[in-house]
1. Just need log10 I(q)/I(0) for the protein assembly as shown at q = 0.10 Å⁻¹, Debye formula, equal scatterers on the alpha-carbon atoms, no solvent, rounded to two decimals.
2. For the stretch A:228-290, what is the largest minus smallest coordinate of the Cα atoms on each principal axis, given in angstrom and ordered from greatest to least?
3. From the residues B:A183, A:A64, B:P110, which one has its Cα farthest along the dipole of the protein assembly as shown in the positive direction, the dipole being from +1 and -1 charges on Cβ of Lys/Arg and Asp/Glu about the Cα centre?
4. Among B:G18, B:G111, B:G87, determine the one that fluctuates most according to a GNM of chain B built with springs between C-alpha atoms less than 10 Å apart.
5. So, taking all protein chains as they sit and a 1.4 Å probe, how much accessible area belongs to A:H236, in Å² rounded to tens?
6. Compute the Rg to Rh ratio over chain B from the alpha carbon atoms, using the Kirkwood formula for Rh, and round to two decimal places.
7. In percent, how large is the relative contact order of chain B, given Cα pairs closer than 8 Å and 6 or more residues apart?
8. Can you give the average number of partner chain beta-carbon atoms within 10 Å of each beta-carbon in peptide B:156-162, as a whole number?
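The values are calculated or read from the model by the stated rules, or taken from the named source; none is laboratory data. These figures come from a predicted structure and were not determined experimentally. FYI the Cβ positions are ideal-geometry reconstructions off the backbone, even for glycines, and counts take in every protein chain you see. Only protein heavy atoms, including side chains, enter the accessible area calculation; ligands, DNA and RNA are left aside. Shrake-Rupley method; radii C 1.70, N 1.55, O 1.52, S 1.80 Å.
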Amino acid sequence: MSLDQAEPAAPPAAGPSPRKPGRRDGGATGLLGRSRRSGRWWTPWLFLAPALILFLYFKFIPMANALTMSFQEVQPYLGNKWVGTDNYATVLQSHGFREAAWHTVVLAAGQTAGSMALGLALALLMEGQSRRLKIVRSAAFLPVVVPLAVVAELWRIMYHPTGDGMLNSLLGMVGVGPSGFINDPDTSMASIMLTGIWRGAPYDMMIILAGLTSVDRGLYEAAKVDGASRWQRVWHVAVPGLRSVFSILFILAAIRGLRVFTEVFLLTNGGPDGSTEVVMTLIYKLGLEQNRLGVGAAGAVLLFVATLILTVVVQLLRRRESK
Amino acid sequence: MSEHTETALGLTESRSVGGRILRNVVHLLVLIVFAGPLLALLVSAFGHVKDPTQLSVIPSGVTLDNFRIAFDQGVLTYLLNSFFVVGGGLLLQVAVSVLAGYALARKVFPGMTLVLVAVLATLMLPEEILALPLSLILSDLPVVHFNLIGTLAGMIVPLGAWGFSILVMTEFMKDVPRELEEAARIDGAGDLRIFAQIILPMCKPALGVIGVFGFTMIWDQYLLPLLVSTDSSSYTLPLALRTLRIDPSVTPGVVMAASLLALLPSVIVFLFFQRSFVSGLSSGALKG
């Protein structure tokens, strides 16, 4: 029994005109056919209901709660107290938060730039159709599908700070003393960044490779005939063709960078000496370890606004450029 | 290597000795840098237990000791938890996405734009930022007052609706020819029937894409299980790695053995569905 057969003619008041753009209203079935084609007004909502309910519960209500919590002193069992913008003031004036925000920006920028530069280099070096290239590219792509928790544990062991740690023994081969990596405040941030680039560059490589397929092959040929060197072909033919790919990769990577949590949580948990504390690890500590939910929520809202602004700015720049 | 497609650097078609050497060096370097650490993981997972810090790509004999110890530490429970979460989550996610995709692709109704904007908005709402309020909501769902904290359901249900797979399904379902649907309607089929017998069977490639992406996304979850689980009996495998590592009696080899179990499913899925994975990845990214 179908949903729209039960009632031959849909009540006219129930929804707007059943006529839909792009559809021929065949005469043969008349009134009955029209109602069949449109179905009842609530049919689409029935199909959408599971998605909308889940979104409401796990996206929109939490977002609204985050907003209200950020203006409140959250006291479980005692009732929340409205404190206006106090939480925001606390966050913005706190030295720890400003440090964490700075670390987040540095990490996001470094990882984004590193992954995109390395990804471009890899894509240019490994562009082609041969079987071997495909195998090498698949192998290079593996880090992207490895769960982050595994990436973090693997690199933790590779970063072992004594001379017999894996990376340190490599450094030893070229005569550089053992590095503390994630255990040394001077190198901890760079180490996390390196891990992020290792996981991010192959992803960027694949996207850039896909973008390169849309560059007209004839243009390379023409540039070659005109005497353009390899680098001129890259710079004047390939890179301009990749502009939209770059801007999308930039947004995706930058947002990923701003909300970074798992790697940092597992590699250093903000240490040593807070040298790698990022906004999300700080929010996690504020909210779930110190129970300062209001302050944590204010931090989260600020982080959200930052990602939103970033997305909008990049989109605007892109639109202006394409004009 | 017979194809002569021109590339920007022209590396692939270079036939000189120097070009060939450069090409081999590049490929070797790429393999060392990106696959090397994973090879080291594999080797140390099967390596002997005695070496506490060293991770090496040179095998020191093959043994299953690390796995045995890992299983003594309860890795099987964590693995089963992970499978349960990914199985349930994927089923729910695919069901929700195809239903929503059908409405958005095949129906025109007031409020549709609003729904589309809402779905897009969820993609811009990073889960990390929602972590705190989400953990409160999970402990007491509004209206129905369920407590999902400490349950595997709490790690599954929030992943049920994912904007990405809804949009993929919508795009794909739009391409099913109208004529098929019209014909079925004239034959008296209703929406449920058209959805299940006409539209859905034609969307198998898209089901592959959202299946692969959904699997990878759920398998990689960390923060949500961290918020939901209260004790180790509900840990997923990625979560358990940290507990294993903190345990002083556990050697890195054991952590690597457990890590291997945690990464194997996603690597297998990737290798099997490489084509739809990579094409879905690039079409998703390039369309924005």
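1. -1.00
2. Principal axes ranked by extent give 61, 21, 14 Å for the Cα atoms.
3. B:A183
4. B:G18
5. About 130 Å², ignoring ligands and nucleic acids.
6. A ratio of 1.06.
7. 27 percent
8. Taking the mean over all residues of the peptide, I get 4.
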